[in-house]
Amino acid sequence: MQNPSDLIIQERITRSIYLVRNQKVMMDSDLAEMYGVETKILNQAVKRNVDRFPEDFMFQLSYQEWGDLQVRIEEQNEVHSLRSQIVTLKNERGRHRKYLPYVFTEQGVAMLSSVLKSKTAIQVNISIMRVFVKMREWAANYQDLIKKIDELSQNQSEHNEHIRNIYQIIEELVRPTFTERNAIGFKKS
C-alpha cells in the first residue's frame with residue numbers, strides 16, 4: 001500500500017504537468033517549489049548548464065502560451081478547490097512574472113537532477129519520473145480502450161444493419177399481398 005504523503009506528492013506533480021506544443025511539460029516555478037529553491041535559482045542553474053537543455057528538453061513560453069496556461073491553471077485550481085471542498089486562497093504564484101516562464105519536458109526534468117544535486121532534488125525527480133511513467137501507461141491503456149470502443153461501435157453498426165434486414169423480411173412475410181388469382185372451384189355457366 002502506498003504512503004498517503006506519496007499520493008499527495010504524486011497528485012501535486014500530476015496537477016503540475018501541462019500540455020504545451022503537444023508536449024507534457026512542467027513549469028519552472030512548480031519545479032522550483034518542489035525542489036525547495038527559488039525559481040530564479042533554478043533558472044540560473046539551468047542557464048549555467050544551457051548545453052544540457054536543448055529545445056526538446058526546455059523552452060520558454062510565448063505570451064500567448066503563457067496566457068493560455070494561466071487560464072488552465074486558474075480553472076484547475078477552481079476544480080481542485082471544489083473537489084476538496086476547502087475554501088483556500090487562490091494560488092497567485094507566478095501570476096505577475098517579470099519574464100516569461102520556462103517549461104521542461106520529461107527529459108528536461110530528468111536533466112535537472114544533474115544540475116540540482118541536492119537530496120531533495122533527487123527524490124523529487126524520482127517521484128516526477130514515476131508520475132510520467134504512470135501517465136504513459138495510462139495513455140497506452142486509454143488508446144486500447146478507444147480502439148475497443150471503435151470495434152464495438154463497428155460491430156453494433158453491423159448488427160443494426162442485420163436487424164434492419166430481419167425486420168424488412170418479417171414485414172414482407174406478414175404483409176398480405178394482393179394478386180390476381182383464378183377462382184378455385186366450379187363455374188356456373
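Observations, loosely collected:
- Scanning the stretch 1-22 for residues that are under 17 Å from Met111 (Cβ atoms) and modelled with pLDDT of 90 or more yields nothing.
- Residue in the stretch 165-187 that is in a helix (DSSP H, G or I), at pLDDT 75 or above, within 30 Å of Lys24 (Cα to Cα) and out of contact with any Ser or Thr (no Cβ under 7 Å at 6 or more places or on another chain) present: no
- So Val50, is it more than 21 Å from the chain's Cα centre (by Cα), closer than 19 Å to Leu100 by Cα and buried (at least 17 other Cβ atoms within 10 Å of the Cβ): no
- Val109, sole failed condition from (1) within 30 Å of Lys24 (Cα to Cα); (2) at pLDDT below 80: (2)
- Condition met for Glu78 (of a type outside the set (Lys, Arg), outside any loop (DSSP other than H, G, I, E, B), at pLDDT below 90 and under 19 Å from Phe132 (Cα atoms)): no
- Applying a threshold of 8 Å to beta carbon distances and a minimum spacing of six or more residues, or different chains, the list of pairs starting in the stretch 133-162 at a residue that is touching a residue at least 60 places away in the same chain (Cβ under 8 Å) and ending at one that is assigned to a helix (DSSP H, G or I) and among the hydroxyl-bearing types (Ser, Thr, Tyr) reads Met135/Thr14.
- The condition of being out of contact with any helix residue (DSSP H, G or I) (no Cβ under 8 Å at 6 or more places or on another chain) and either at pLDDT 90 or above or more than 16 Å from Gly108 (Cβ to Cβ) (or both) holds for only one of Ile41, Ile73, that being Ile73.
The values are calculated or read from the model by the stated rules, or taken from the named source; none is laboratory data. Bear in mind that the values here come from a model prediction, so they are computed numbers and not experimental data. Glycine gets a Cβ as well: all are built from the backbone with ideal geometry, and neighbour counts include every protein chain shown.
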